[in-house]
1. Do we have B:Asp39 as modelled with pLDDT under 95 and among the charged types (D, E, K, R) here?
2. Could you go through region A:18-38 and let me know if any residue there is within 11 Å of DNA strand D (Cβ to nearest atom) and either touching a Phe, Trp or Tyr at 6+ places or on another chain (Cβ under 8 Å) or among the polar types (S, T, N, Q) (or both).
3. Among residues belonging to region A:1-27 that are in a helix (DSSP H, G or I) and touching a residue at least 40 places away in the same chain (Cβ under 8 Å), point out the one that is nearest to A:Ser53 (Cα to Cα).
4. So A:Asp76 fits all but one of (1) farther than 28 Å from B:Ala72 by Cβ; (2) touching a Lys or Arg at 6+ places or on another chain (Cβ under 7 Å); what number is the exception?
5. Before we move on, is A:Thr34 under 28 Å from A:Arg93 (Cα atoms) and touching a residue at least 40 places away in the same chain (Cβ under 8 Å)?
There are 2 protein chains.
Amino acid sequence: MNTILDIQKRLLQYNIKPSLQRIAVMQYLMENKTHPTADIIYAALSPAIPTLSRTTIYNTLKLLSEQGAIIALNIDEKNVRYDGDIVAHTHFRCKKCSRIYDLPKNFTLENKQQFLDFYITECQVYYKGYCKECKKTSINNEIINNF
Amino acid sequence: MNTILDIQKRLLQYNIKPSLQRIAVMQYLMENKTHPTADIIYAALSPAIPTLSRTTIYNTLKLLSEQGAIIALNIDEKNVRYDGDIVAHTHFRCKKCSRIYDLPKNFTLENKQQFLDFYITECQVYYKGYCKECKKTSINNEIINNF
DNA sequence: TCTAAAATTGTATTCATTTCAAAATTAAAA
DNA sequence: TTTTAATTTTGAAATGAATACAATTTTAGA
């Protein structure tokens, strides 16, 4: 279980002021490993925070992902999904039920026979960063995870 | 160079009737390896085919990608990008200029020092297919690239 | 040529996300 | 504690990529 203090610490660690709303979003993502959309998070938190606005959810998710406290997934072509687990791992999206699963650490296309839970039809690998031309001017403005 | 006959052959190979519009879209993607959006393709083809409709571009891109003749990329959070190169390869998106590059075949995070053209800040790996529950009912309806 | 099926077109709509300015909250200064 | 400035939140309006849909056009077969 994550205490409010743990969550505050996590936010401060990424230079995010821990407001009530930000703590709620961070906590939701830490406790719900379902890769939810902004709207799912809004619907879940709205009853407990009746004044909550959708814009705040979008603002918060943008801030948290830009600061590296969470990860934004573009695996679903309709909505952006969010993941509170920032340890590097790969994802699987079911084309029928649209659920997003975390794949086991040792999963590769070569050994996928061992993981018969997933029938894989496609794989996409996306790297992001700065190209040669844009590198010089932009590096300073970005927090870089040089993994 | 790709002749119209080459392009027709490619479409037929994926069970797509080679209409004028479909040939134009397929040809554009084969000759422009810039990972364009639907709208870029529309703007490029529209002068030569004045009656062309945006809907046709969307319909065609959907058909071609569903049939496996092209690949739809969700590397850009705003628009879907399309790639006529269906040989497995990975992509890089510059966060500043938004250009999408093909990465060299031998590129990995381990040897990325060799490829100093790209300063990488993040990597996403997305698998798609059918989960255990949905597997039984759906496999027959899908063309599966069992790579 | 006639007819049916398939493909294309254009308009209207949807819906996730963004913009923006006002209101509320927080933090800092006096 | 008051005052003031900066930050955050809020909700209404706007944006824009993509889809739905019905009408029109084209294609293919009888």
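The values are calculated or read from the model by the stated rules, or taken from the named source; none is laboratory data. Small disclaimer: the values here were computed from a predicted structure and weren't measured. Here the Cβ is made from the backbone with ideal geometry for all residues, glycine too, and neighbour counts use every protein chain on show.
1. On the way: modelled with pLDDT under 95: no; among the charged types (D, E, K, R): yes.
It is false that B:Asp39 is modelled with pLDDT under 95 and among the charged types (D, E, K, R).
2. yes
3. First pass over region A:1-27, keeping only residues in a helix (DSSP H, G or I): A:4-13, A:20-27.
If we keep only those that are touching a residue at least 40 places away in the same chain (Cβ under 8 Å) as well, we get A:10-11, A:13, A:22, A:26.
Values: A:Arg10: 23, A:Leu11: 20, A:Gln13: 25, A:Arg22: 12, A:Met26: 16 Å.
Out of the qualifying residues, it is A:Arg22.
4. Failing condition for A:Asp76: (1).
5. Working: under 28 Å from A:Arg93 (Cα atoms): yes; touching a residue at least 40 places away in the same chain (Cβ under 8 Å): yes.
In short, yes.
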